[in-house]
Amino acid sequence: MKPLALEAPSMLGGCCAARIVNKRRRRQTMSVVPQKFHNITVLTAATAFSLGLHGCTGTSDPADESIAIASQELQGSVACTAAQLAELLKVTDDVYDVKCSFTLPAGSTIYRPLRFYGDAADGVTVDCNGSLIGHGGKNGLPDTHGTRMIEIRSKLTVSDGSVVKKANGYYERQRPEQITIKDCSVHGTVRIYGLGVNGEAEYVRQSSIDSAAPGHPARARDAAPYNVVLNNVTIHGGGGVPLYLSPGVTRVQLLNSTISGNSTGAGIYLDTESANNIIRNNEFTLNTGREIIAVDGSSGNLIVNNQFPHPEYGGIHLYRNCGEGGTVRWSGPHHNQFINNFFGSDYHPSIMVASRDGDSPHCDEDDGYDFGSSKYNWDYARYNAIMQNQMLNADVAMAIFVKHSTINSPNYVEHNQSVTARIVRKAGCYLPTGFAKDFILDDQTATVTETQSGSEVCVVKKCIDGVLSDVGDCTMTMVPFGCSKSGSNAGCNTSATCPSGTKIIGAKAACNLETTDVTADDLESTPAGIVDVVQLSDNTSDGKCIVGDTTVVSRDDVVRGPSGATSLTAHCEEHDNNGGECAVKGVLYCK
């Protein structure tokens, strides 16, 4: 039986950094979504995730760069011929590989399952024009509601009859990208996958336990489809999960859509190592015996402006499915945002953070490795923003529940409310590095500091219905501060003051709670707006660091303080029989 430790690797450094507890810790980052060499336009950092992953702002993620080159270079962007369209509309249940873009005639039906497979599907746009994919049983073919009617999947690369391997020994995969499916009524399920169909798939398991070649999250994401848009679709389930995003799937958007029918599982499943997906402006009316949306070791997702009229068994659950199938889950559900969703019943909880936390018969199936869910069974649901959600006639304290909050923290649960009827409004935005505010309403702006491409910058952010956008830059003054103490349990105190006529817009700090050593590299590698514990006290509870209004003992967190402040205080302490040692060093940002 693996221990249920109170501390685990931090998730703040780039959302995927490995951190070593009780030893000096250096922030190591890897690309969340490696860029594929196709000419596409991807969501920019400013729009796809305003999303405010405060732990990711210090990394350079190639997928966050906007690349605008002619879309016709994508294989699937070419329009289907009349012959291809006729083949697509045949009355058969044979799978059809979609390699071209098309608009269906109004009132038509696609009887056959559609597969978007590898590079050949890059750039495909499917416009159903209100028509059907699947059916309830027509022309002698069986009902498709329990059938996978849309499958978007990666394809193994084959050369001269052999599967191509990368230098690290893993198979090379062509992952489909830049796919849009809109205005469709799907009678069946949709699944998007790369390494495997779910977290228990063999390729997923093998990658997850590879101690010789760590970096499973990046491998899973590099192998999986990304940048897929499902807009104005209705998915009528009748068996499995209506929409399943398998391990490593990134940047999928479900917009303005409805999930209905029945499911033996969740309505949407975000599987391990999936990330940066958007679920926005949707309604979930399906019947299921469990939660509507499962966030299983998935990170950086924005779930905003959705309606859950009857979430009898819960609306959204965050957890890490430890051990099942022998797969090590590396990531917990972290840095997700749940904003302005409506839960239309008093069933509890509407949102449950860390719903499992080791309470699973499968947790020991991945034993034997010194990382991830093999080492610790806890969910480690942290850095999630749960804000402005509406609960019908409910006690908010019961409707949003964080299990084992000592372990599953920090999370940011604010501005939620009980309502007697749904309030129709645009969503506000979470400010991941906001000093005086952690949330602004739609159409409001805020000046913040953040780290972009390794540099600390002053940025004006505007909230546009749940998404933060950069609308301007600004100049700021940086004021250093710091102190250290040896041989005293009282610790040390320091302060910093902005130049006359300026106010605090942010700060960052690095704290050592075991020695007096905070290096320049420690401070430089800490993202703007964050206080980072670079070394814990040998006895974790014996040390603490306070910067502004934020206290940290072991985990990174956002530096907060009062509005209009012009000065900031900082303090560190560590208790020891012979007197403790500690140090804090930081920078104050003023405008």
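Among the residues of the stretch 330-364, write down those that are surrounded by fewer than 18 Cβ atoms within 10 Å (Cβ to Cβ), of a type in the set (D, E, K, R) and farther than 23 Å from GLN417 by Cα.
Result: ASP359, ASP364.
What's the number of the condition MET398 fails, among (1) under 26 Å from GLY261 (Cα atoms); (2) open to solvent by 10 Å² or more (accessible area, probe 1.4 Å); (3) modelled with pLDDT under 95?
Status for MET398: all satisfied but (1).
So which of ASN198, ASN139 is assigned to a loop (DSSP other than H, G, I, E, B) and open to solvent by 50 Å² or more (accessible area, probe 1.4 Å)?
Numbers: ASN198 fails: open to solvent by 50 Å² or more (accessible area, probe 1.4 Å).
Selected residue: ASN139, the only one of ASN198, ASN139 that is assigned to a loop (DSSP other than H, G, I, E, B) and open to solvent by 50 Å² or more (accessible area, probe 1.4 Å).
Based on what the data block shows, is ALA507 within 23 Å of MET476 (Cβ to Cβ), assigned to a loop (DSSP other than H, G, I, E, B) and either touching a helix residue (DSSP H, G or I) at 6+ places or on another chain (Cβ under 9 Å) or not β-branched (Val, Ile, Thr) (or both)?
Working: within 23 Å of MET476 (Cβ to Cβ): yes; assigned to a loop (DSSP other than H, G, I, E, B): no; either touching a helix residue (DSSP H, G or I) at 6+ places or on another chain (Cβ under 9 Å) or not β-branched (Val, Ile, Thr) (or both): yes.
When the stated conditions are applied, ALA507 does not pass them.
Have a look at THR497, THR526, THR475, THR516 and point out the one that is touching a Gly at 6+ places or on another chain (Cβ under 9 Å) and β-branched (Val, Ile, Thr).
Details: THR497 fails: touching a Gly at 6+ places or on another chain (Cβ under 9 Å); THR475 fails: touching a Gly at 6+ places or on another chain (Cβ under 9 Å); THR516 fails: touching a Gly at 6+ places or on another chain (Cβ under 9 Å).
Sole residue among the options that is touching a Gly at 6+ places or on another chain (Cβ under 9 Å) and β-branched (Val, Ile, Thr): THR526.
Can you find a residue that is surrounded by fewer than 19 Cβ atoms within 10 Å (Cβ to Cβ), of a type outside the set (Asp, Glu) and not in a strand (DSSP E or B) anywhere in the stretch 455-468?
no
Six or more apart or on different chains, Cβ atoms under 9 Å: show the pairs whose first residue is in the stretch 399-422 and without any contact (Cβ under 8 Å) to a residue 24 or more places away in the chain and whose second is assigned to a loop (DSSP other than H, G, I, E, B) and of a type in the set (A, V, I, L, M, F, W, C).
Within 9 Å, the pairs are SER405/ALA354.
Enumerate the pairs (first residue in the stretch 175-189 and in contact (Cβ under 8 Å) with a residue 60 or more places away in the chain; second residue anywhere and assigned to a strand (DSSP E or B) and among the aromatic types (Phe, Trp, Tyr)) with beta-carbon separation below 9 Å, excluding pairs fewer than 6 apart on the same chain, so at least 6 apart or on different chains.
Pairs that qualify, where the first residue is in contact (Cβ under 8 Å) with a residue 60 or more places away in the chain and the partner is assigned to a strand (DSSP E or B) and among the aromatic types (Phe, Trp, Tyr), are ARG175/TYR226; PRO176/PHE116; PRO176/TYR117; PRO176/TYR226; GLU177/TYR226; GLN178/TYR226; ILE179/PHE116.
Within the stretch 556-591, which residues are over 16 Å from PRO527 (Cβ atoms), open to solvent by 30 Å² or more (accessible area, probe 1.4 Å) and either part of a strand (DSSP E or B) or aliphatic (A, V, I, L, M) (or both)?
SER567, THR569, GLU573, GLU581
Name the pairs whose Cβ atoms lie under 8 Å apart, with the first residue in the stretch 564-580 and on the phi < 0 side of the Ramachandran plot, the second among the acidic types (Asp, Glu) and modelled with pLDDT of 95 or more, and 6 or more positions between them or separate chains?
Close Cβ pairs (under 8 Å, with a partner that is among the acidic types (Asp, Glu) and modelled with pLDDT of 95 or more) amount to GLU574/GLU514; GLU574/ASP542; GLU574/GLU581; HIS575/ASP542; ASP576/ASP542; GLY580/ASP542; GLY580/GLU573; GLY580/GLU574.
Can SER418 be described as surrounded by fewer than 18 Cβ atoms within 10 Å (Cβ to Cβ), small (Gly, Ala, Ser) and at pLDDT 95 or above?
Working: surrounded by fewer than 18 Cβ atoms within 10 Å (Cβ to Cβ): yes; small (Gly, Ala, Ser): yes; at pLDDT 95 or above: yes.
Answer is yes for this residue.
Suppose we keep only residues that are of a type in the set (Ser, Thr, Tyr) and part of a loop (DSSP other than H, G, I, E, B) within the stretch 82-125. Which one would you say is surrounded by the fewest Cβ atoms within 10 Å (Cβ to Cβ)?
Of the stretch 82-125, the ones of a type in the set (Ser, Thr, Tyr) are 92, 96, 101, 103, 108-109, 111, 117, 125.
If we keep only those that are part of a loop (DSSP other than H, G, I, E, B) as well, we get 92, 108, 111.
Values: THR92: 12, SER108: 15, TYR111: 21.
Residue satisfying both the conditions and the ranking: THR92.
Check ALA427, ALA397, ALA446 and return the single one that is among the small types (Gly, Ala, Ser) and in a loop (DSSP other than H, G, I, E, B).
On the way: ALA397 fails: in a loop (DSSP other than H, G, I, E, B); ALA446 fails: in a loop (DSSP other than H, G, I, E, B).
Of the residues listed, the single one that is among the small types (Gly, Ala, Ser) and in a loop (DSSP other than H, G, I, E, B) is ALA427.
Looking at VAL553, is it of a type in the set (A, V, I, L, M) and surrounded by fewer than 24 Cβ atoms within 10 Å (Cβ to Cβ)?
Yes.
Is at least one residue of the stretch 162-180 open to solvent by 10 Å² or more (accessible area, probe 1.4 Å), under 23 Å from ASN305 (Cα atoms) and part of a strand (DSSP E or B)?
Applying the first criterion (open to solvent by 10 Å² or more (accessible area, probe 1.4 Å)) to the stretch 162-180 yields 162-174, 178, 180.
Narrowing the set further to residues that are under 23 Å from ASN305 (Cα atoms) leaves 180.
Pick out the ones that are also part of a strand (DSSP E or B) and you get 180.
Checked the stretch 162-180: at least one residue is open to solvent by 10 Å² or more (accessible area, probe 1.4 Å), under 23 Å from ASN305 (Cα atoms) and part of a strand (DSSP E or B).
The values are calculated or read from the model by the stated rules, or taken from the named source; none is laboratory data. The shown structure was predicted, so the numbers you read here are calculated from the model rather than taken from an experiment. Glycine also receives a Cβ, built like all others from the backbone with ideal geometry; neighbour counts cover every protein chain displayed. The accessibility values were calculated without ligands, DNA or RNA, using every heavy atom of the protein model including side chains. Shrake-Rupley method; radii C 1.70, N 1.55, O 1.52, S 1.80 Å.
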